[in-house]
Structure formats: structure tokens, C-alpha cells
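All of the numbers you see were taken from the coordinates with simple rules; none came from a lab. Because the structure is a prediction, the values reported are computed rather than measured. Heads up, the Cβs are rebuilt from the backbone with ideal geometry, glycines too, and the neighbour counts pull from every protein chain shown.
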Amino acid sequence: MKQLLNAKTLLYVISLAAIYGIVQLLISVNIINQYYQVNLVMICINIILAVSLNLVTGFTGQFSLGHAGFMAIGAYISAIITLNMQQEYSFLIGLFAGALVASLVGFLIGIPTLRLRGDYLAIATLGMAEIIRILFLNIDYVGGAAGLTGIPQYTNWPWLFVFTAATIIIISNFIKSSHGRACISIREDEIAAESMGINTTKYKVLAFVIGAFFAGIAGALYSNYFYFIKPDLFNFMKSIDILVIVVLGGMGSITGSVLAAILLALISAYLQSFPELRMVIYALLLIIIMIYRPQGLMGTKEFSLSSLFKKKADKIQ
């Protein structure tokens, strides 16, 4: 059993190294040019956003529409720090500062709002995101409605890969832990979870804080790649876009969130050639997928190598 676990870990490491190496090679020989790099950046950022929102909505069962607000906090805090320090190490300082501030705001907002359920929680988190956006809209120090420009471009493929992989691994391990099982029990039946002694408010706030932390990381990566941010980039529709990825991939499936983020980015990029019909075709594709696959691409299932190792174990026996 120990040998199988070691082999499984080794295979995961090799797979990650292969993905990183292949993409880096394609970038270095300019097969992935500037246009494709922009799409690659958005895929990685959307994966981070979708996986972190899935923890809150898919695994803990809390209908949140405030993820864009946490992304905005991460983007602005990181941009301010990198603009003022103008040093390469300032990128990491700004990124973690933005993520920590986003998680702190998530904690402060989560305590009162996560006592709500269903539509009431969605409205409360939507209002929270709009308050954050309006605050940035009226602060002259960060450019107000005109936005913040001249942000150094420190985000590149190595950093994108590191933080995307870290997000997936950390949240996946959290879900497999006792804390993650407590979150899933809240999704399945909150009253039953409370009757079994689970502090539901504590675990809902914990999931909310972790989700906000990674949303802040996504915002920091965004601001340090596109040079320019403004409050309207983090409006209500951004939260909806993230939620669409989660629902399409499957509520409660990390693999589904990753696949849906990649699929929607590729569809959106391909439809750039049809600007007049782009959003119509995009919406129709989503409607068709939801009609014929309402549970999402993966449902609650995960792509795993465990089945392969189980077969190997059976052969050994």
C-alpha cells in the first residue's frame, strides 16, 4: 500500500512537471504567442477562482455571489504595493498581502452573513461585493472610476502554474480532511450536521475565508499581468461568470471546475471571430449543456489515478 501511494505521488509530480515543461517550451518557441498567452492567463485565473468558489458553493453548499469582491481586493492591494515598491520581490509581498486582506474581509463579512441560507445569503454576498466595488470606485488614491494604470507585469507562466497547482492541491487536500468532510456534511444536511455536534457556522466561515484567500491571489495575478484595473472589471457579472464555470463543471467537483474553465476559455476565444453572434452562440452552448447535462460535466465525480493503482494492486495480489 505504501509503495502504491509513493508511486501515485510520483506520477502526480511527473504529470505536473510535464505540463509545466511542455507549456514553457511552447512559449519559448513562440507557438504559444502573446494572444494565446492572454488566454492561458485567463484560464489559470479562472481555475483558481472556480476551484475556490466551488469550496464555498459546491462542497459547503453556500450560495455566494461575492467572489468578484474578494478578487478586487487582491487586485488592488497587490497593485498598490507593486506600484510603490517597484521591486521584483514586491510581487510576492503584494500577492500575499492582497490574499490576506481578502481573507480578513471574508472573515469579517462571513461571521454575520453565513448565518443566512439560500437566496438570502446570495443577496447578502452580492451586496458585499458591490460595496467593495463602490468603495474602490470612490477612492481617488486608486484612480476611482478611471482605474489604476502602469502596474508592473510580474505575472508569468511559472507563477501562474505554481499558484494554480497550489490552489488545486491545497483545496483538494482540505476537502479530503476532517474539516472538508464537515463542510460536505453541512451541504448535505445542515440540521443533521448540527445535531452531530458540528459547528456549522465555524466551518462555513472557514470555507468562506479560504475561498476569499484564493480569490485574492487570482486578483493579484490578474492585476500584475494586465497593467490596468478598474472597479467595473469586478462587477456583478464577474461573480456570475465564475459561478457559471462552477455549475458547468459540476457542483462539488474540482476536476469539473478545471475542465469547465478551460472549455469556456477555448469557446470564448474561438468565437472571437464572430463578434456579432459571439454571446448568442456562447449562451446557446451553455443552455444546451445544462439541458442535456444538468449536473455539470463531472457532477460530483473527480478524475483520479486511484482506479489505476487499484487495478495494479489487484494484479499484484
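Relative contact order of the chain: 30 percent, from C-alpha pairs under 8 Å at least 6 residues apart in sequence.
Look at where the Cα atoms of the stretch 145-159 and of the stretch 90-127 average out, and the two centres are 22 Å apart. Under 5 Å between amide hydrogens, built in the peptide plane, is the criterion, and for T155 it picks out Y225 among residues at least 5 positions away or on other chains. Where only DSSP H runs of four or more residues are counted, the chain gives -24500 deg cm²/dmol as its mean residue ellipticity at 222 nm, each run worth -39500 (n - 2.57).
A simple packing score, the average count of other Cβ atoms within 10 Å per residue, orders the peptides 96-106, 63-73, 283-293 as 63-73, 96-106, 283-293, with the highest score first. Cα extents for the stretch 62-140 along the principal axes, largest to smallest and rounded to whole angstrom: 44, 23, 15. Which values of log₁₀ I(q)/I(0), to two decimal places, follow from the Debye formula for the stretch 2-114 at q = 0.12, 0.15 Å⁻¹ with a uniform point scatterer at every Cα? For the requested q values the scattering log ratios are -0.68, -0.97.
Here the Karplus curve 6.51 cos²θ - 1.76 cosθ + 1.60, taken at θ = phi - 60°, turns the phi angles of the stretch 18-32 into couplings of 5, 4, 4, x, 5, 5, 4, 5, 5, 5, 5, 9, 6, 5, 8 Hz, with x standing for Gly and Pro.
State, as an integer percentage, the relative contact order of the stretch 104-227 based on alpha-carbon contacts under 8 Å between residues 6 or more apart. Normalised by residue count, the contact order of the stretch 104-227 is 42 percent.
Partner aspartates and glutamates whose Cα lies under 20 Å from the Cα of K230, excluding those fewer than 8 positions away in the same chain, are identified as E130, D140, D241. Which residue, V205, V23, V247, tops the fluctuation ranking in a GNM of the chain built on C-alpha contacts under 10 Å? The residue with the greatest mean-square fluctuation here is V23.
Between amide H atoms placed 1.01 Å from N, distances below 5 Å from G143 occur with no residue 5 or more places distant or on a separate chain. Taking a cut-off of 24 Å, what percent of all Cα-Cα pairs in the chain are separated by more than that? Roughly 56 percent, rounded to a whole number.
Loop-located trypsin sites (Lys or Arg not before Pro) in the stretch 111-195 (DSSP state other than H, G, I, E, B) with a sparse environment of at most 16 neighbouring Cβ atoms within 10 Å: R115, R117. By the count of neighbouring beta-carbon atoms within 10 Å, fewest first, E130, E302 end up ordered E302, E130. Computed from backbone phi with θ = phi - 60° and the Karplus coefficients 6.51, -1.76 and 1.60, the 3J(HN,Hα) list for the stretch 231-244 is x, 5, 5, 10, 8, 4, 5, 5, 5, 5, 4, 5, 5, 4 Hz; x is used for glycine and proline. In sequence order, the stretch 69-83 has phi-based couplings of x, 5, 4, 4, 4, x, 5, 6, 4, 4, 4, 4, 5, 5, 5 Hz under the Karplus curve 6.51 cos²θ - 1.76 cosθ + 1.60, θ = phi - 60°, and Gly or Pro positions carry x. Which of these, A124, A207, A193, has the largest mean-square fluctuation under a Gaussian network model of the chain (Cα springs below 10 Å)? Highest fluctuation among the options: A193.
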